[in-house]
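Undergrad: The structure is given below, and queries will be raised subsequently.
The values are calculated or read from the model by the stated rules, or taken from the named source; none is laboratory data. If you're wondering where the values come from, they're calculated on a predicted model, not measured in any experiment. Reconstructed Cβ throughout: ideal geometry from the backbone, glycine too, with neighbour counts over all protein chains shown.
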Amino acid sequence: MPTTIFTSPSKYVQGPGVLDDLGTHLPPLGDKPLIVADDTVWGLVGEAVTSGLTSAEVEFERVGFGRYATPESVDALVEKIRTGGHGVIVGLGGGSAIDAAKAAGHLADIRWASIPTAASSDAPTSALSVIYTEGGEFLEYRFFPRNPDLVLIDTAVVAQAPARFLVGGIGDALATWIEARATARGRGDTMAGARPTRSATALANLSWELLHENALAALDAVQAKAVTPALEATVEACTLLSGLGFESGGLAAAHAIHNALTAAPQTHGLTHGEKVNLGTTVQLILEGADSEELEDFIEFTTLVGLPNTLTEVGLTLEDEKELRAISEAAVVEGETIHAMPFEATAEMVYAGLRAAEQISRRVRTQRGLPEPTLHSAH
């Protein structure tokens with residue numbers, strides 16, 4: 001029988017105001033926390049973090065961060081850890097800051113914690129980092145022997161973040177069930193290095209169900225800057241359930257297509273989840289998904305505000321060179337598309353990308369939804 005692996009963070013904390021409790025959760029992990037946060041994030045939550053740690057008499061240091069987790073930024077953090085005598089590193093903010101902190105913590109052999117300030121991706125819980133070039137192109141996955149020791153997400157902070165961040169998180173999380181079920185039907189391994197567990201596949205499905213029940217109301221809550229049960233459910237689906245579901249349940253075509261899309265300059269203004277959602281649309285087409293399921297997915301993601309056409313990510317059917325390059329990049333050796341239950345080729349991806357434009361346009365017209373336009377990121 002095949003080996004299965006389930007992996008998860010040691011502790012997950014979620015709720016309004018939990019940043020105030022940071023002085024309780026961080027000290028057991030190590031002395032003198034090094035907090036990695038860009039100036040924008042620190043301007044929003046720095047006071048709350050400082051207050052929580054100072055009141056608990058925790059000495060800490062904060063270091064700034066750029067836009068992407070690059071090899072250079074990770075190495076700089078490792079040097080900072082070693083010269084500063086830090087026992088734990090904290091990624092505070094978006095997915096790239098968190099990924100950089102995880103990668104640096106691993107290299108420096110200290111513990112690490114994730115504190116996302118928006119439910120914009122499922123990166124915080126995982127034992128891996130996505131590394132990019134300075135220009136924002138996908139470079140590699142880095143895998144670690146353990147998950148974060150702490151994931152803490154303050155839903156009062158999430159409610160204050162731009163709605164587009166939550167939209168991106170929903171796009172990333174919606175892919176989780178579609179990819180996990182494909183991996184379960186196939187023969188490939190998950191990001192944890194073995195076949196998926198039944199529990200991870202079930203959690204991926206629960207994430208999907210919670211999003212369909214709560215995502216639109218959660219976006220209303222963020223627009224109103226209010227914490228509601230729908231927002232709490234959506235944050236849990238995007239952060240915890242999707243994180244556990246993708247890592248131990250498996251990635252497939254959707255994320256491989258996302259990674260390939262990063263090579264197209266037209267897509268650089270998009271969030272991770274926005275690009276992933278186009279990948280999910282294409283994966284459903286490649287699978288020959290039931291027409292009702294595909295059309296319902298297009299309708300739901302359109303209502304959420306996610307791209308499901310080439311037009312919305314800055315590409316057109318006439319961009320032959322770019323579409324061919326994306327299709328080839330999606331199927332390189334080692335990409336997650338090879339977890340699909342059939343052999344996926346560049347020609348299939350190319351056809352799926354083109355078909356997504358036409359199918360999504362037809363569904364939107366038939367269901368009275370807005371026509372695709374260039375996404376606001378551009």
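Undergrad: Would you mind stating whether Ala97 is hydrophobic (A, V, I, L, M, F, W, C) and either surrounded by fewer than 23 Cβ atoms within 10 Å (Cβ to Cβ) or modelled with pLDDT of 95 or more (or both)?
TA: On the way: hydrophobic (A, V, I, L, M, F, W, C): yes; either surrounded by fewer than 23 Cβ atoms within 10 Å (Cβ to Cβ) or modelled with pLDDT of 95 or more (or both): no.
Judged against the criteria, Ala97 is not a match.
Undergrad: For Asp122, all conditions in the list (1) more than 19 Å from Leu166 (Cα to Cα); (2) buried (at least 24 other Cβ atoms within 10 Å of the Cβ) hold save one; what is the number of the exception?
TA: (1)
Undergrad: Separate question: Do you know which of the residues in the stretch 179-190 that are of a type in the set (A, V, I, L, M, F, W, C) and either crowded, with 23+ Cβ neighbours inside 10 Å or free of Cβ contacts under 8 Å to residues at least 40 places away in the same chain (or both) is farthest from Leu216 (Cα to Cα)? Walk me through it before giving the result.
TA: Step one: filter the stretch 179-190 for residues of a type in the set (A, V, I, L, M, F, W, C), giving 180, 182, 184.
Next, from what is left, pick out any that are either crowded, with 23+ Cβ neighbours inside 10 Å or free of Cβ contacts under 8 Å to residues at least 40 places away in the same chain (or both): 180, 182.
Details: Ala180: 23, Ala182: 26 Å.
Going through the qualifying residues, I end up with Ala182.
Undergrad: Enumerate the pairs (first residue in the stretch 143-156 and over 28 Å from Lys225 (Cβ atoms); second residue anywhere and in a helix (DSSP H, G or I) and β-branched (Val, Ile, Thr)) with beta-carbon separation below 9 Å, excluding pairs fewer than 6 apart on the same chain, so at least 6 apart or on different chains.
TA: Asn147/Thr125
Undergrad: If I filter the stretch 13-38 down to residues being in contact with a Lys or Arg (Cβ under 8 Å, 6 or more places away or on another chain) and of a type in the set (Gly, Ala, Ser), which single residue comes out as farthest from Ala76 (Cα to Cα)?
TA: Among those that are in contact with a Lys or Arg (Cβ under 8 Å, 6 or more places away or on another chain) and of a type in the set (Gly, Ala, Ser), it is Gly30.
Undergrad: Residue pairs, Cβ under 7 Å, 6 or more apart or interchain, first in the stretch 333-357 and among the polar types (S, T, N, Q), second not in a helix (DSSP H, G or I). List them.
TA: Filtered contacts from the stretch 333-357: Thr336/Leu251; Thr336/Ala252; Thr345/Val331.
Undergrad: Could you check Asp122 against (1) farther than 25 Å from Asn277 by Cβ; (2) touching an Asp or Glu at 6+ places or on another chain (Cβ under 6 Å) and say which number it fails?
TA: So the condition that Asp122 fails would be (1).
Undergrad: Also, quick follow-up: From (1) under 22 Å from Leu286 (Cα atoms); (2) aliphatic (A, V, I, L, M); (3) in a helix (DSSP H, G or I), pick out the condition that doesn't hold for Val158.
TA: (1)
Undergrad: Just to be sure before I move on: is Arg62 surrounded by fewer than 22 Cβ atoms within 10 Å (Cβ to Cβ) and touching a strand residue (DSSP E or B) at 6+ places or on another chain (Cβ under 6 Å) in the structure I sent? Don't jump to the end; show me each part of the working.
TA: Numbers: surrounded by fewer than 22 Cβ atoms within 10 Å (Cβ to Cβ): yes; touching a strand residue (DSSP E or B) at 6+ places or on another chain (Cβ under 6 Å): yes.
So Arg62 fits the description; yes.
Undergrad: Any chance the stretch 349-369 includes a residue that's hydroxyl-bearing (Ser, Thr, Tyr), over 24 Å from Arg187 (Cβ atoms) and at pLDDT below 95?
TA: no
Undergrad: Filter the stretch 176-189 down to the residues that are at pLDDT 95 or above and of a type outside the set (Lys, Arg), then identify the one that is nearest to Glu274 (Cα to Cα). Give the steps one after another, and end with the answer.
TA: Initially, the stretch 176-189 is screened for residues at pLDDT 95 or above, giving 176-185.
Imposing the further condition that a residue be of a type outside the set (Lys, Arg) reduces the set to 176-180, 182-184.
Values: Thr176: 14, Trp177: 16, Ile178: 16, Glu179: 16, Ala180: 19, Ala182: 20, Thr183: 22, Ala184: 24 Å.
Only one residue fits best here, namely Thr176.
Undergrad: Considering only residues that are β-branched (Val, Ile, Thr) and over 23 Å from the mean Cα position of the chain (by Cα), look in the stretch 65-87 and name the one that is farthest from Pro9 (Cα to Cα). Even if it seems obvious, please write down each step before you answer.
TA: Taking the stretch 65-87 first, the residues β-branched (Val, Ile, Thr) are 70, 74, 78, 81, 83.
Right, trim to over 23 Å from the mean Cα position of the chain (by Cα) and you get 78, 81, 83.
Working: Val78: 22, Ile81: 22, Thr83: 27 Å.
Result: Thr83.
Undergrad: Ok, one more. Pull out all pairs, ordered by first then second residue, where Cβ-Cβ is under 7 Å, the residues are six or more apart or on different chains, the first lies in the stretch 6-24 and is assigned by TED's automatic domain parsing to the domain that holds Thr155 and buried (at least 17 other Cβ atoms within 10 Å of the Cβ), and the second is in a helix (DSSP H, G or I) and among the small types (Gly, Ala, Ser).
TA: Here the result reads Leu19/Ala48; Leu19/Gly52; Leu22/Gly52; Gly23/Gly52; Gly23/Ser55, each pair linking the stretch 6-24 to a residue that is in a helix (DSSP H, G or I) and among the small types (Gly, Ala, Ser).
Undergrad: Okay, next question. Tell me which residues, restricted to the stretch 191-227, are surrounded by fewer than 17 Cβ atoms within 10 Å (Cβ to Cβ) and part of a loop (DSSP other than H, G, I, E, B).
TA: Hits for the stretch 191-227 are Gly193, Ala194, Ala224, Lys225, Ala226.
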